[in-house]
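A.B. asks: Here's a structure for you.
Each value in this text was obtained by applying a stated rule to the coordinates, not by laboratory testing. Just so it is clear, the structure is predicted and the values come from calculations on it, not from any experiment. Here the Cβ positions follow ideal geometry from the backbone for every residue, glycine too, while neighbour counts run over all protein chains shown.
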Amino acid sequence: MAVDKQESVKSLFTAQSAKVDTNRGDAYYEKLYAQCRARLDELKELAPLNNRMDFKESIEDEGLDRRDFLKWASATTAMLMLPASFTPLVADAAVMMNRVPVVWIELSDCAGNTEALIRSDGPKIDEIILDIISLEFNETLLAASGHQAEKQLEDAIEHFKGKYLLFVEGAVPMGMDGQYGTIGASGETFHDHLQRIAKDAAAIVAVGSCATFGGIPAAAPNPTDAKGVMDVVKGKPIINIPACPANPSNMVGVILHYVLTGSIPELDSLLRPKFAFGYRIHDNCERRAHFDAGEYVEEWGDEGAKNNFCLYKVGCKGPMTFNNCSIIRYNEGVNWPVGVGRGCIGCSEPDFWDKYAYERPMANANIKAPTGGVEKTVDEFGLGLLTAAGVGIAIHAAASAVAGKKESEKEA
Amino acid sequence: MAENNATVENNTTVEETKEEVAPVEKKGGKKHIIVDPITRIEGHLRIEAVIDENNTIVDAFSSSTMFRGMETIMKGRDPRDCGLMAMRICGVCTGTHYQRSIEAVEDAFNVTIPKNARIVRNLIQGALYMHDHLVHFYHLHALDFVDVIDATKADPKKTAEEAVKWAGVSGHKPYISAEADFKAVQDRLVKFANEGRLGIFGNGYWGNKNYHLTPEQNLIGVAHYLKALDIQRDLAKMQAIFGGKNPHPQSIVVGGVTCVQDIKNPARIALFKQLLKDGREFIKGAYLPDVYMAGTMYAKEATDSDATYTATKGKGVGGTGGGILNYMSYGDFKLDDTGFYNAEDLFPSGIVMGGDVSKVLEVDSQKITEDVAHAWYEGTGKPEHPYVGTTIPKYTGLDKRDDGYAYLKTEEKYSWIKAPLYNGEKMEVGPLARMVVGYAKGDKRITKYVANFLKRSGLPITVLFSTVGRTAGRAIETELMSDVMMDWVDELAKNVANGDDSTWTEFDFDEVSVDCKGAGMAEAPRGALGHWMVIKDGKVTNYQAIVPSTWNAGPRDEKGQLGAYEAALIGTKVADPEQPLEIIRTIHSFDPCIACAVHVMDTKGKELAVYKVDPTCAF
Ligand code: SF4
Ligand code: SF4
């Protein structure tokens, strides 16, 4: 993957975001509300899957937990880009997530997304893991292993044929006939394994940048010819939740959305849910006012850094990156990469290891460009571009985001 | 780059096994068993063991069966960008590879980071230690000691009394003490059990006679297991405060750290401290008491010096699972600002040979080599130092036999992990190694914590040289870390309050990156970790990493010296070969991270699912 030429950088920088239209009128939302209500009532009739506890009981038991839970439900409603009136529905959907079977398989990964999953916020993490999400199969959490694990997987895909959500973590190595990665007693390649399990899934959720776009194994020179799921599996609905690792709120959001509506959320052209990836990092960034004012960190730890200036010149790729990190952040909202003064490395975008993940602005990147490509200095075009974009985007300078940061500091 | 052209043959041409029984090849009364996969670990690991007529392990082989060319991806890149990529070697010890890679560049460029950056890195890594050790003990290892199903028989009232008792041994109040809380956990467990499927607790070795805890003790274990899921989320938050996020923090750069606004904000520091305090309560009120409890109930194994590898060499030292008893630490957690390789370490560096704590050798990095005699790589015929080492795959396959199983070709190459050597000898690394080296060196702080543990548990020092000792060493270290981090947070706050807000040391990249090499050698939660980098004209020309599990899980070397896992298994008595509980208990005590060891992205293949190995939670 070559370093982008000036024109493509410019087009990225100024690309339209693909936000969910949140102002569709009362009629639209009333209809959606009725649909969701009907679906939830239907789901209520179904017993929780096999061993799962009825999570609803425990939520209703304890007053304090109940309050926390509702707080979480209303935050999640906002994240899904639904009006606040949907909060009770989302709360209902959350306690019925265990009606939707989830099968989670791991290919060429680092387990970072599974780790992220157990950092989910919400009412109680052990309940999310054990009771709320009906994880029918997950190699890292499942009791059975070896033959019994495989049997568990067989049972799940047989029993829930056409109904389960398949979460895939990790890339698919295609080189050497897929033999860089094999799984199971028969030595099935990751590729064949994925195809087999995908066949009967209701939809596939590729979680993390490896499963979506190939991620680190696919970084140049891509020694194992690793690919993302969407380049391999055809004829199935696929939802991509990139980032390295994916934000657990977005994982839970996708399941919730599916429970709530029975359909997959609106997707952008890279198959990412718009509720999460409709935002450009840059547009909701707390440092945005400094970008617009032309105030930059020039070097790590300089006066600009001490004053929370914009990180563009030290490599922030927020302008090229679509994700909701700048809004929901990480680890229960505690921080995020721009907050911590590093800047965005574009980890939710295809080929970001080769295109974005360096601490210089675009085109000043002394990075590996296996197919050739420009290695210009920033001043040659970066600054010119900055000015143009600065003017172009200044209209929706997000002063409010800066205020938002301060507020959450107080809470913390 | 030769790696690009290397071809690897199918490494798992194994027939579908017909039935769920062990492949037990019997030869003159001996049984050759295969345990694959070893679960509740990160990555993919196979153990083959030879068991004699008394069910004692007489030989063992450790193998990893997956490859990914991380080094290949690093070559040709800007050295400043390698840290973020190196971090993706593993999502579990997240942040460690990142920092080591950055330190290698700083070593090459001769850059010393400012005080604030040093403390922040210590806090980020310290938070990882607490998180990683806790998750390891409860979610990856506890079920080797705790019989979950047996907990359904417990009396909640007696359980509460038992909890007070063990917390008392640790000198603390119990984290969970109410009868009602234990009852609630038990009710939940009973409900799981009654509904037929056990969720993540299904298919364990429940009822095996080598489980030694009482029903009440088992219930304590289960209650803490569940609570620890909550606690780990908060511990991860600590890393995110100064790292931006967890997994995969983002604030470390060559020359320092970027989180200047977070260290200048007293609210951030206060939050960090609060989370640390809460985590410490759990560590002292649950984790340590549980380790005292397990240590006491499993003391017989832990002090059985006949059931050891050393016993086969003459005189047994330590107890079940001890192994080679050569312990190495590179040293880590820099306590002053005199430079990476000059500063005093919280965990001192050093080597203890053969469990002899009366003598400590200094680590000379020139004496580290990697041997590929039994690893699936091309070799030059002799062990090589990582600066000149190569990673060129040469896969020779498994031995498929008529019984339908594929066995390791143990006479030749049999693993994707290389065999690292120090001065031609095998080493064990990890928390226990750090505690043993610190103790042997007479480090005041470590000696105090180790002595305290031994005094309170009433166990002899040799108990450390065992499976239980490895687990105890990790717990001792976690407590020490949670205490010392309190001081570090204060030190950071004070330094910033005194007007020092410097977080980065300037350097001229073009000037320093012309022709240099550097090493980031320090400690990961799982042990000694080194990244070696050669840089020319601003780009990486060679990159090698020797990770903790390379030391511990590596195969034999050309002289036939056993790896740490292999040796640790020898002498162990297995109660029931169909249930290799003792094997996985010992292997888990090392906290394997095999994805790291072979630089693969997690493989978890189950090509030869032979034993019903218990719960799979490889975090
Ligand atoms: S820090 Fe990054 S995302 Fe924020 S305003 Fe600057 S360039 Fe945009
Ligand atoms: S801010 Fe950018 S680098 Fe960070 S997680 Fe979001 S998309 Fe990835």
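A.B. asks: Using the structure shown, list the pairs from B:K165/B:K277; A:K163/A:K234; B:K245/B:K284; B:K300/B:K418; B:K115/B:K273 with a Cα-Cα distance above 28 Å, or answer none. Display every interim value, and only then the final one.
C.D. replies: Working: B:K165/B:K277 23 Å; A:K163/A:K234 18 Å; B:K245/B:K284 26 Å; B:K300/B:K418 34 Å; B:K115/B:K273 19 Å.
Check vs 28 Å cut-off fails for B:K300/B:K418.
A.B. asks: Computed over the Cα atoms of segment A:281-364, what is the convex hull's projected area averaged over all directions, in nm²? Numbers along the way, then the final one.
C.D. replies: Working: hull surface 21.0 nm².
Convex hull of Cα atoms, orientation-averaged projection: 5.2 nm².
A.B. asks: Find the centroid of the Cα atoms in segment B:470-505 and in segment B:243-289, then give the distance between the two in whole Å.
C.D. replies: One Cα centre to the other: 9 Å.
A.B. asks: Oh, and also: Taking only the Cα atoms of segment B:207-322, how large is their convex hull per residue, in Å³?
C.D. replies: Details: hull volume 20.3 nm³, N = 116.
That works out to 175 Å³ per residue.
A.B. asks: Around B:G442, under 13 Å between beta carbons, what's the net of Lys plus Arg minus Asp minus Glu among the other residues?
C.D. replies: Details: positive: B:K359, B:K441, B:K444, B:R445, B:K448; negative: B:D443.
Local net charge: +4.
A.B. asks: Sticking with this one: Would you please state the base-10 log of I(q)/I(0) at q = 0.13, 0.18 1/Å for segment B:455-554, with intensities from the Debye formula using one equal scatterer on every alpha carbon?
C.D. replies: The Debye formula, applied to the Cα set alone, gives -0.84, -1.02.
A.B. asks: Further, regarding this structure: Give me D for segment B:3-597 in µm² s⁻¹, whole number, from Stokes-Einstein with Rh from the Kirkwood sum over alpha-carbon pairs, 37 °C and 0.692 mPa s.
C.D. replies: 133 µm²/s
A.B. asks: Order the peptides A:211-222, B:276-287, B:534-545, B:505-516 from the highest to the lowest mean number of other Cβ atoms within 10 Å of their residues. List each step's numbers first, then the result.
C.D. replies: Details: A:211-222: 26.2, B:276-287: 21.3, B:534-545: 19.3, B:505-516: 13.6.
Per-residue Cβ counts within 10 Å, averaged per peptide and sorted highest first, yield A:211-222, B:276-287, B:534-545, B:505-516.
A.B. asks: So, one more: From the mean inverse distance of alpha carbon pairs (Kirkwood) and the Cα radius of gyration, derive Rg over Rh for segment B:495-588. The partial results should precede the final answer.
C.D. replies: Working: Rg = 21.9 Å, Rh = 17.8 Å.
Ratio of gyration radius to Kirkwood radius for segment B:495-588: 1.23.
A.B. asks: Sorted by average packing, counted as other Cβ atoms within 10 angstrom per residue and highest first, what order do B:376-387, A:85-96 take?
C.D. replies: On the way: B:376-387: 16.7, A:85-96: 21.1.
Listed from highest to lowest mean packing, they are A:85-96, B:376-387.
A.B. asks: Relative contact order (percent) for segment B:3-597, with alpha-carbon contacts under 8 angstrom and 6 or more residues of separation?
C.D. replies: Numbers: 1277 pairs, mean separation 143.6, N = 595.
Relative contact order here is 24 percent.
A.B. asks: In the structure displayed, which of A:K227/B:K75; B:K183/B:K209; B:K237/B:K517; B:K227/B:K573 lie more than 27 Å apart, Cα to Cα? Please report the intermediate quantities before stating the final value.
C.D. replies: Details: A:K227/B:K75 21 Å; B:K183/B:K209 25 Å; B:K237/B:K517 35 Å; B:K227/B:K573 33 Å.
Over 27 Å Cα-Cα: B:K237/B:K517; B:K227/B:K573.
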